[in-house]
Amino acid sequence: MERREQLYEGKAKIVYATDEPDLYIQYFKDDATAFNAKKRGTIVSKGIFNNHISAKLFQVVEKQGIPTHYVKTLSDREMAVKKLDIIRVEVVVRNIVAGNLAKRMGVEEGRRLPHPIIDLHLKQDALDDPMINEDTISAFGLATREELAQMRAYALRVNDILKAFFGERNVDLVDFKLEFGRSPADGGKLLLGDEITPDGCRLWEKGTGRKLDKDRFRRDLGQVEEAYAEVERLVTR
Ligand code: UDP
């Protein structure tokens, strides 16, 4: 497969066309942003860690029946993925109170929820990714009710799979964000897209609560590279 023109550059990844019309290449950068890009920095080798972590986690969920856009790993920073028409909705799944939920509800971080919460956000940086509901998503044509039901079902299933996967590695899956898209090569079938990495997951060491995710960068906790390296080691071992 040959890399062709750059199609899109995001905060953490670059997407390239390839010589195959239904395949793209996702290139993972070291750039890190937080608070809607108001804070910017570099996490050395993050792109390599995230490429490896995401590849492994996509394979783990795919094996359990979740269709993903992952095709194969091409290099330390590149994976081949299926071309997707991305649905402009971020699906956040939460098991433990943290971040925006703690702020919104006026409670401390760390409370274990009696059941998972799914929060839906419009994927629109210029508006700060506002939270939206299913009626809004449907009324604005972002996704159909059927697609939303499928996205929710997949998100909860991914949560079960990854909670168990990280649990076996002494890590609590606190919350995470997923993105889905329609695959033109598969008749518009819904696939899990984007990435699953510590950029978009909160991961706390069981017992100590030590953070192994992007909050180390967001909150200037230090040992940022070390945390990504540790997650890579845990996930790929
Ligand atoms: N998240 C993300 N991209 C976003 C917003 C959130 O990947 O644009 C992830 C974030 O890393 C966390 C989860 O979604 O694992 C929940 O984030 P939250 O809504 O609490 O927002 P935050 O506190 O990160 O602003």
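Just give me the residues in segment 16-61 being assigned to a helix (DSSP H, G or I), surrounded by 16 or more Cβ atoms within 10 Å (Cβ to Cβ) and not β-branched (Val, Ile, Thr), in sequence order.
Across segment 16-61, the qualifying residues are 46, 47, 49, 50, 51, 52, 54, 55, 56, 57, 58.
From the list 178, 173, 191, 203, which residue is at negative phi, touching a Ser or Thr at 6+ places or on another chain (Cβ under 6 Å) and not polar (S, T, N, Q)?
None of the others qualify; the one that does is 191.
Going by the conditions given, is residue 139 within 15 Å of the ligand (Cβ to nearest atom), more than 16 Å from the chain's Cα centre (by Cα) and modelled with pLDDT of 95 or more?
Against the criterion (within 15 Å of the ligand (Cβ to nearest atom), more than 16 Å from the chain's Cα centre (by Cα) and modelled with pLDDT of 95 or more), residue 139 does not qualify.
Give the residues of segment 74-99 that are more than 17 Å from residue 156 (Cα to Cα), within 16 Å of the ligand (Cβ to nearest atom) and either surrounded by 20 or more Cβ atoms within 10 Å (Cβ to Cβ) or among the basic types (Lys, Arg) (or both), sorted by residue number.
87, 88, 98 - these are the residues of segment 74-99 that are more than 17 Å from residue 156 (Cα to Cα), within 16 Å of the ligand (Cβ to nearest atom) and either surrounded by 20 or more Cβ atoms within 10 Å (Cβ to Cβ) or among the basic types (Lys, Arg) (or both).
Consider residue 234 carefully, then state whether it is within 16 Å of the ligand (Cβ to nearest atom), out of contact with any helix residue (DSSP H, G or I) (no Cβ under 7 Å at 6 or more places or on another chain) and not in a loop (DSSP other than H, G, I, E, B).
no
Can you tell me which residue among 104, 112 is over 16 Å from the mean Cα position of the chain (by Cα), of a type outside the set (A, V, I, L, M, F, W, C), within 12 Å of the ligand (Cβ to nearest atom) and more than 30 Å from residue 17 (Cβ to Cβ)?
104
Touching a residue at least 24 places away in the same chain (Cβ under 8 Å) and either away from the ligand (no atom under 15 Å from the Cβ) or more than 24 Å from residue 83 (Cβ to Cβ) (or both): which single residue out of 173, 221 fits that description?
173
What's the total number of residues in segment 1-15 that are outside any loop (DSSP other than H, G, I, E, B) and either within 23 Å of residue 212 (Cα to Cα) or not aliphatic (A, V, I, L, M) (or both)?
So the count comes out to 7.
Within segment 192-208, is even one residue of a type in the set (Ser, Thr, Tyr), within 16 Å of the ligand (Cβ to nearest atom), closer than 22 Å to residue 83 by Cα and not in a helix (DSSP H, G or I)?
Within segment 192-208 (the criterion being of a type in the set (Ser, Thr, Tyr), within 16 Å of the ligand (Cβ to nearest atom), closer than 22 Å to residue 83 by Cα and not in a helix (DSSP H, G or I)), the answer is yes, since at least one residue qualifies.
Could you check residue 24 against (1) farther than 15 Å from residue 229 by Cα; (2) touching a strand residue (DSSP E or B) at 6+ places or on another chain (Cβ under 6 Å); (3) within 16 Å of the ligand (Cβ to nearest atom) and say which number it fails?
Every condition holds for residue 24 apart from (3).
Pairs please, first residue from segment 38-55 and within 16 Å of residue 237 (Cα to Cα) and in contact (Cβ under 8 Å) with a residue 60 or more places away in the chain, second anywhere and loosely packed, with under 14 Cβ neighbours inside 10 Å and among the β-branched types (Val, Ile, Thr), Cβ atoms under 6 Å, 6+ apart in sequence or on different chains.
Qualifying pairs under 6 Å: 52/236.
Considering only segment 71-89, how many residues are part of a loop (DSSP other than H, G, I, E, B) and either free of Cβ contacts under 8 Å to residues at least 40 places away in the same chain or touching an Asp or Glu at 6+ places or on another chain (Cβ under 6 Å) (or both)?
Of the residues in that region, 3 qualify.
The values are calculated or read from the model by the stated rules, or taken from the named source; none is laboratory data. Keep in mind that this is a model prediction, so the values were computed, not measured. For neighbour counting, all protein chains shown are included, and Cβ atoms are generated from backbone atoms with ideal geometry for every residue, glycine included.
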